[in-house]
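Participant: Let me give you the structure first, and then I'll get to my questions.
The values are calculated or read from the model by the stated rules, or taken from the named source; none is laboratory data. Source: prediction; values computed, not measured. Counting neighbours? That spans all protein chains shown, and the Cβs are built from the backbone with ideal geometry, glycine included. Protein only, heavy atoms only, side chains kept; ligands, DNA and RNA dropped before computing areas. Shrake-Rupley method; radii C 1.70, N 1.55, O 1.52, S 1.80 Å.
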Amino acid sequence: MTELVVRRLLVDMQAPIPRHWCGGEAFPTAFFNALSMSFPVGEQFFIDSVRNGFKGLPPDQQERCRAEVQGFIGQEATHRRVHGLYNEHLEKQGLVNEWGPRADRRLKLLEGQDPRHALAITAANEHFTAIMANWLLHNPGQLASEDSRLATLWLWHSSEESEHKSTAFDLYQALNGNDEWRIKWFRRVTAYFLADTLRQTMNNLRHDGALWKWRTWKGLASFLFGKRGLIRMTYKPWREYLRRDFHPSQQDASEGRRWLAEHGDRYTAVGAPA
Ligand SMILES: [Fe+2]
Ligand SMILES: [Fe+2]
C-alpha cells in the first residue's frame, strides 16, 4: 500500500505561457506540449481503468487498497485539470491537439472488454510516465524557463507519477492479470506512444513554423540522444518492464519524494475524493 496525497498546485495558470517556454527552444517545447495534449484523455482513461479494476476486487481486497485507489484518482484528476488549463494556452497559440481525439477513438474500442486489458494498458503507460518523470526529476535543467510556472508544473506532475507508479500494476496483479498480456500490451503501448508523441510534436512544430529550421533538429538531437538525453537515459529502465519478475517499486522514486519535501510551498495537500 502506498499512501497517496492529493495536492493542489499553487500555480496560477491564467496568464499566457511563452511560445518557446522551454529554454527558448522550439523542439523541447513542442515535445512537452505534445505530452500535455495527451493527458486529459489519457488520464481520464487511467482513472476509469483503475476504478473499474477496483470494482472487480473481492471486498476484503477493496478495503486494503481503497485509500490508494482514491489517492490515485485524486492525483490524476488534478493533473487532468491543470493540463487542461495549460492546453487552453496552447490552443490560443494556434496549436492543434490531434492526439487527444485520436486516442479517445482508439480507447473506445476497449469498451465491454475484460477490464484487465484497460488496466494492463494503464500500467504500461504508467511505466512510461514514471521513467520519463524520473529522468526529468534528475535533469530539471531540461525545463529551464523564463516562466517558472511550467517547470513547477512538470516537476510536481513527475513527482506524483513517480509516487503512484505501482497502483495500476498492483491492481492488475490482484485481478490475476498475467505477464504474457501485461508484456504484450506494453509492446503495443510503446509503439503507439512513440508514434503519437512524434506525430503530435511534429504537428506542433509545423504550426509553430519551426519544423524546417536547423536549430530545431539540433535541439532534437541533443534532447533525445545527448549525454543525458531522454532516449539514452530511459532505454534501460524501459526494458526492465519486460522482465517477468518486474515490479514498479524496484525503480528508484527518491528524487520525486525529495522534490515534494523541498517544495512544500508550491502546493497544498487536499483530501482524496470519496
Ligand atoms: Fe498524471
Ligand atoms: Fe499516472
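Participant: Could we say that T78 is surrounded by 15 or more Cβ atoms within 10 Å (Cβ to Cβ), touching a strand residue (DSSP E or B) at 6+ places or on another chain (Cβ under 8 Å) and part of a helix (DSSP H, G or I) here?
Facilitator: Details: surrounded by 15 or more Cβ atoms within 10 Å (Cβ to Cβ): yes; touching a strand residue (DSSP E or B) at 6+ places or on another chain (Cβ under 8 Å): yes; part of a helix (DSSP H, G or I): yes.
So T78 passes the test.
Participant: Is there a residue in the stretch 198-208 that is in contact with a Gly (Cβ under 6 Å, 6 or more places away or on another chain), surrounded by 14 or more Cβ atoms within 10 Å (Cβ to Cβ) and at pLDDT 90 or above? Even if it seems obvious, please write down each step before you answer.
Facilitator: Taking the stretch 198-208 and keeping what is in contact with a Gly (Cβ under 6 Å, 6 or more places away or on another chain), we get 207.
Pick out the ones that are also surrounded by 14 or more Cβ atoms within 10 Å (Cβ to Cβ) and you get 207.
This time we only want the ones that are at pLDDT 90 or above, so: 207.
Within the stretch 198-208, one or more residues are in contact with a Gly (Cβ under 6 Å, 6 or more places away or on another chain), surrounded by 14 or more Cβ atoms within 10 Å (Cβ to Cβ) and at pLDDT 90 or above.
Participant: What are the pairs, 6+ residues apart or on separate chains, where a residue within the stretch 215-227 that is touching a residue at least 24 places away in the same chain (Cβ under 8 Å) has its Cβ under 9 Å from a residue that is exposed (fewer than 13 other Cβ atoms within 10 Å of the Cβ)?
Facilitator: Nothing qualifies.
Participant: Taking into account only those residues within the stretch 36-50 that are open to solvent by 10 Å² or more (accessible area, probe 1.4 Å) and among the hydrophobic types (A, V, I, L, M, F, W, C), which is farthest from ligand 2 (Cβ to nearest atom)? Before the answer, list the steps.
Facilitator: At the first step, the residues of the stretch 36-50 found to be open to solvent by 10 Å² or more (accessible area, probe 1.4 Å) are 38-42, 44-46, 48.
Narrowing the set further to residues that are among the hydrophobic types (A, V, I, L, M, F, W, C) leaves 39, 41, 45-46.
On the way: F39: 9, V41: 13, F45: 11, F46: 6 Å.
Result: V41.
For every residue, the table says whether it meets (1) closer than 14 Å to M132 by Cα; (2) in a helix (DSSP H, G or I); (3) of a type outside the set (V, I, T); (4) open to solvent by 60 Å² or more (accessible area, probe 1.4 Å).
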site	(1), (2), (3), (4)
K227	no, no, yes, yes
I231	yes, yes, no, yes
W238	yes, yes, yes, no
L242	no, no, yes, no
D252	yes, no, yes, yes
G256	yes, yes, yes, no
A261	no, yes, yes, yes
T268	no, no, no, no
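Participant: Also, I was wondering about something else. Determine whether the stretch 51-64 contains at least one residue that is outside any helix (DSSP H, G or I), in contact with a strand residue (DSSP E or B) (Cβ under 6 Å, 6 or more places away or on another chain) and crowded, with 17+ Cβ neighbours inside 10 Å.
Facilitator: Just the residues of the stretch 51-64 that are outside any helix (DSSP H, G or I), to begin with: 56-58.
Going one step further and asking which of them are in contact with a strand residue (DSSP E or B) (Cβ under 6 Å, 6 or more places away or on another chain), we end up with none.
The answer is no; no qualifying residue exists.
Participant: Right, next: Looking at (1) within 23 Å of F31 (Cβ to Cβ); (2) in a loop (DSSP other than H, G, I, E, B), which one does A221 not meet, given that it meets all the others?
Facilitator: Of (1) within 23 Å of F31 (Cβ to Cβ); (2) in a loop (DSSP other than H, G, I, E, B), only one is false for A221: (2).
Participant: Of all residues in the stretch 104-161, count the ones that are within 13 Å of ligand 2 (Cβ to nearest atom) and either of a type in the set (V, I, T) or free of Cβ contacts under 8 Å to residues at least 40 places away in the same chain (or both).
Facilitator: Result for the stretch 104-161: 4.
Participant: What about Q173, is it more than 18 Å from the chain's Cα centre (by Cα), open to solvent by 40 Å² or more (accessible area, probe 1.4 Å) and either farther than 19 Å from G71 by Cα or away from ligand 1 (no atom under 16 Å from the Cβ) (or both)? Write out each step before concluding.
Facilitator: On the way: more than 18 Å from the chain's Cα centre (by Cα): yes; open to solvent by 40 Å² or more (accessible area, probe 1.4 Å): yes; either farther than 19 Å from G71 by Cα or away from ligand 1 (no atom under 16 Å from the Cβ) (or both): yes.
For Q173, the condition - more than 18 Å from the chain's Cα centre (by Cα), open to solvent by 40 Å² or more (accessible area, probe 1.4 Å) and either farther than 19 Å from G71 by Cα or away from ligand 1 (no atom under 16 Å from the Cβ) (or both) - is met.
Participant: Oh, and also: Looking at L85, L35, L9, can you tell me which residue is modelled with pLDDT under 95 and under 17 Å from the mean Cα position of the chain (by Cα)?
Facilitator: L9
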